[in-house]
């Protein structure tokens, strides 16, 4: 089994690229979905996050309000960033769940390509857990446009949020230097899909 880490900056199109790989037969898991599960009431990670960031991040039903948590974690002009604090709570369990998932995939399919999509693979020091690293990129202005469209906010608000989140990540050029393969998602979906197909064949051949 080949373990592949897929990463990239905010709104680069990582999830879209993962869907393309899945359509070709790759097995895919998203760190963000694992983190979402861990933030459910009753989970140990949930309890730690509430203890650190306070009940103000909760909805009336006790679930985590992700936008409020992001506001606390990423900070603002008047509040320092607490992203590292949040990551130290969440990352160890997310990484363990990823490891468990890859192990299960490997037992079922010895020749599988198992892809873990995570924004902070390099920042978390988890790159060594993978056989190949793949980075998705796009132009800076596209990040803002995509964020604006996805969350239905104006571009000025999207710019602030993208800038705030990108500050907690390595710049693209550093991610690219660590990558075995790079997908430029600046063009059409067809162009991106062609790159995905080419890389998938290389992964299949052991390149």
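Quick notes
- Test for residue 91: is it under 15 Å from the mean Cα position of the chain (by Cα), over 26 Å from residue 141 (Cβ atoms) and surrounded by fewer than 13 Cβ atoms within 10 Å (Cβ to Cβ): no
- Residue that is surrounded by the fewest Cβ atoms within 10 Å (Cβ to Cβ), among those in segment 2-55 that are assigned to a loop (DSSP other than H, G, I, E, B) and at positive phi: 42
- Unmet requirement for residue 142, which otherwise passes all of (1) without any contact (Cβ under 8 Å) to a residue 60 or more places away in the chain; (2) under 30 Å from residue 82 (Cα atoms): (1)
- Residues in segment 165-204 that are closer than 15 Å to residue 16 by Cα, in contact with a strand residue (DSSP E or B) (Cβ under 8 Å, 6 or more places away or on another chain) and outside any helix (DSSP H, G or I): 182, 183, 184, 185, 186.
- Residues (free of Cβ contacts under 8 Å to residues at least 24 places away in the same chain and outside any helix (DSSP H, G or I)) located in segment 77-99: 77, 78, 79, 80
- Of all residues in segment 149-164, those satisfying the criterion of being assigned to a helix (DSSP H, G or I), more than 20 Å from residue 81 (Cβ to Cβ) and over 19 Å from the mean Cα position of the chain (by Cα) are 155, 156.
- With respect to the conditions (1) in contact (Cβ under 8 Å) with a residue 60 or more places away in the chain; (2) farther than 28 Å from residue 95 by Cα, residue 188 falls short on a single one, namely (1).
No lab work stands behind these numbers, since they all come straight from the coordinates. Bear in mind that the values here come from a model prediction, so they are computed numbers and not experimental data. Neighbour counts run over all protein chains shown; Cβ positions are idealised from the backbone, glycine included.
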